[in-house]
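In what follows, a structure is listed as structure tokens, so that the remarks can point back to it.
Bear in mind these aren't lab numbers, they're just calculated from the coordinates by the rules spelled out. Keep in mind that this is a model prediction, so the values were computed, not measured. Note that each Cβ is placed from the backbone with ideal geometry, even for glycine, and that neighbours are counted across all protein chains shown.
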Ligand SMILES: N[C@@H](CCC(=O)N[C@@H](CS)C(=O)NCC(=O)O)C(=O)O
């Protein structure tokens, strides 16, 4: 099994963390995005979207990080990280879809105006940053309520936790303050206490 990734990609981070959590043997292949390797024909043949991560396994090239999480968890059902009861399974999909359609776009807007502009030496657009932050605060409030009285999103640890926490790893440079969201703060700390997650964080 091979994972094509980049150390600073949040979508790749969640996949790396799950690979470590499940103890799956996997070769990590870094795609040099600064050289545009993700847009080269070789890589486009693996993912026509030209994005990381891509998982290669037994002739399969799988992209979309949430689909990769489902595939990996299905390979190790004994991990219990993909619920099998209808309610748990539906909740897991609910959170994976909410991540892809809502939390990830909101946090990406903020990331573009902070981490990314810094990386490419451009000025932050304050209006776009403020608009992104408003959406992030809306989403953090949803998470805060969902985590009330719970350690994990679906009750017990699942791939939904690995997926959603990935969008909050760059919270300091993105300027997120968790003080108003104590349940979110405790859940992030719980996830980041896991060795699999710590091993997968981008270089500091
Ligand atoms: N929805 C995709 C998002 C993947 C994605 O946007 N990856 C970024 C890095 S975090 C990327 O490769 N961007 C390059 C580009 O868009 O050209 C997933 O979850 O896998």
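Observations on the structure shown:
- At 0.890 mPa s and 25 °C, Stokes D of the stretch 86-194 from Kirkwood alpha-carbon radius, µm² per second: 170
- Stokes-Einstein D in µm²/s, Kirkwood radius over Cα pairs - the stretch 1-89 at 25 °C with 0.890 mPa s viscosity: 181
- Remark: 103, 60 ranked as 60, 103, counting other beta-carbon atoms within 10 Å and listing the fewest first.
- From least to most packed, judged by other beta carbons within 10 angstrom and beginning with the fewest, 2, 87 follow the order 87, 2.
- Globularity ratio of the stretch 1-50, using Cα Rg and 2.2 N^0.38 Å: 1.17
- Euclidean distance of C-alpha centroids, the stretch 72-127 and the stretch 163-204, integer Å: 12
- Spherically averaged projected area in nm², based on the convex hull that wraps the Cα atoms of the stretch 40-107: 5.7
- Near-label residues of the stretch 170-204 by backbone N, under 13 Å of a point 7 Å along Cα→Cβ of residue 148: 182-184
- Calculated P(r) tail over 22 Å for the chain, as whole % of Cα pairs: 49
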